[in-house]
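Following: one structure in structure tokens, then a few remarks.
What follows draws every value from the coordinates through simple rules; no lab data is involved. Every value quoted in this text rests on a predicted model; they were computed, and no experiment measured them. In this analysis, Cβ positions are derived from the backbone assuming ideal geometry, glycine residues included, and neighbour counts consider all displayed protein chains.
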Amino acid sequence: MAIELDDIIVDYPGTRALDRVSVAFRTDEVHGLIGENGAGKTTLVSILGGGRLPTEGRMRLDGAEVRLASPGEALARGIAHVSQEGSLVPGLTGAQNILLGAEPRRLGVVVRRAALRAQAQAMLARWFPDLTIDLDRPVETLPYADQKIIEIVRALRGDIRILILDEPTATLPAREKERLWAIIRRLPAQGVGVVLISHFLSEILALSDRITVLRDGRLVRTFAAAGATEGELTALMLQRGHGPTESGVDRRRHRRAGDRVVEVSGWRIPEAQVGAFHIGAGEIVGLIGLTGSGHFAFARSLYDAPDLEAGTLRLGGEAVPRVAAHEMRRRGVAFIPDHRMIHSLIGDWSARENLAMVHPEAGAVAPGILSPRRETAEARAVMQRLSVKASSPEQAVGELSGGNKQKISIGKWLYGAGGRYRLMIFVEPTEGVDIGAKREIHDLLRRLADDGAAILVASSDLIEIADLATRVVSFVNGQALGDLEWPNFSEQSFIAAMSGATA
């Protein structure tokens, strides 16, 4: 089976998302799809998966022209889509999620629980016979890799021949990535072709048989993956002839921490203990650690700490009696979380509506009276500042690429803020975004620091931390260890710190 897209054009008001793109996907391959955020990847796979009809162009399935007007029609033709943000129901078990909407029932009403469990287990064993997952547990209690596998099994529920995987390993630690890689490699041998979107170029090269590169809505090239390098892929994605700019490394030579913004002592939450921590104005501090080491939990607790067991926090020299989100926001602390479509954004809302979440008063002409014109003007200003690629502030956030969604998640805190935030906390700030958007977001964080904000970044991407931070705090088994100072960063020093070797 092969599905061919010929001369595909997609127009939004004021912008062309895809401009005469032609590409074919086969059932006997992993086909990598790469490009900057806004290059057209999301739009292309939404057409392939029945989520959107093209403005112009044709789609052929095994030579016969088809029209996929809904995800249901795509599924009926053997095409399934596992999105980046995920679509599991957290409170349901793995088995219930796998058979959601197709549960075996008695008399068409009562769910046959034993049959449901047996069918779900049989599906897992069919596709992934070497895996053991407790399908009786609510999926929210399972490791993220197991959740992703459950999503894949559900997507393979019918007679699926093409599976679209959008950033499937974006938030997985290395060991779980390797397990999912093995699963992806196995699918074409079982007659299921994979369309793989990933911002990890090493992953694209390791898994793909062929690679398609998009840039600015246009097809750059489709080619065999064998022999390609990350440098070649980067050049194909980004070639625009930009001149050189000052790098983050160079700028750090001139970065000096100002007055202390936050000071923490004797801090204890269930996931972590920190004897002392501080961050100054204009400083970028990174937090690193292995999965479950406590660095993410500590970052979140500086904004909202409902389970604080002990410790004191001073903000601008003033003691904060209770660390709660509304109070910290009032005092000038912003928090940009991971898993943006779960914790930060509402996909059905427009970019304007999402941007106005934190400071709706910026769009008001009087208390309680909102002005659509003022909201739109403020939203446009933020979107321009962050180089958000969207047809207009009214475009639904769910339609945007991963990098542009992340920019909206950050932009919420800049909309109507007027520089009020003294500390900005980022957890996985470039989760699921491509190399071009990552550079833009890194530059934004540096500019925010240049303007005097203290920037705290907790990330599983060690290259990101090495690129941004002037100081790094490592966590091991819930304990914060000593600081690492730039320019003494290296992969070896980070790994040693995360393993406790420098403790």
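Laid out as a table, the results:
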item: Other-chain or far-sequence residues with amide H under 5 Å of residue 476's (modelled H); result: 481
item: Per DSSP, loop trypsin sites (Lys or Arg not before Pro) in region 258-341 with at most 16 further Cβ within 10 Å; result: 322, 331
item: Using a Förster distance of 22 Å, the FRET efficiency for residue 100-residue 66 (Cβ separation, nearest 0.05); result: 0.25
item: Calculated [θ] (222 nm, deg cm²/dmol) that DSSP helices of n ≥ 4 give over the chain, each run adding -39,500 (n - 2.57); result: -9000 deg cm²/dmol
item: For peptides 463-471, 451-459, 201-209, sequence by mean Cβ density within 10 Å, most packed first; result: 451-459, 463-471, 201-209
item: Kirkwood Rh and Cα Rg combined as Rg/Rh, the chain; result: 0.97
item: FRET E, pair residue 485, residue 20, Förster distance 51 Å, beta-carbon r, rounded to 0.05; result: 0.50
item: Over region 428-487, volume per residue of the alpha carbon convex hull, in Å³; result: 92 Å³
item: Cα-based Rg and Dmax for region 288-406, where Dmax is the largest Cα-Cα distance (Å); result: 17.2, 49
item: Pairwise Lys count, the chain - Cα closer than 23 Å, eight or more residues apart or different chains; result: 16
item: Quotient of C-alpha Rg and 2.2 N^0.38 Å, computed over region 41-197; result: 1.08
item: Computed log₁₀ I(q)/I(0) - Debye formula, equal Cα scatterers, no solvent, region 156-224, q 0.24, 0.25, 0.28 Å⁻¹; result: -1.19, -1.24, -1.38
item: Angle between the chain longest axis and helix 435-450 axis [Cα atoms, degrees, rounded to 10]; result: 20 degrees
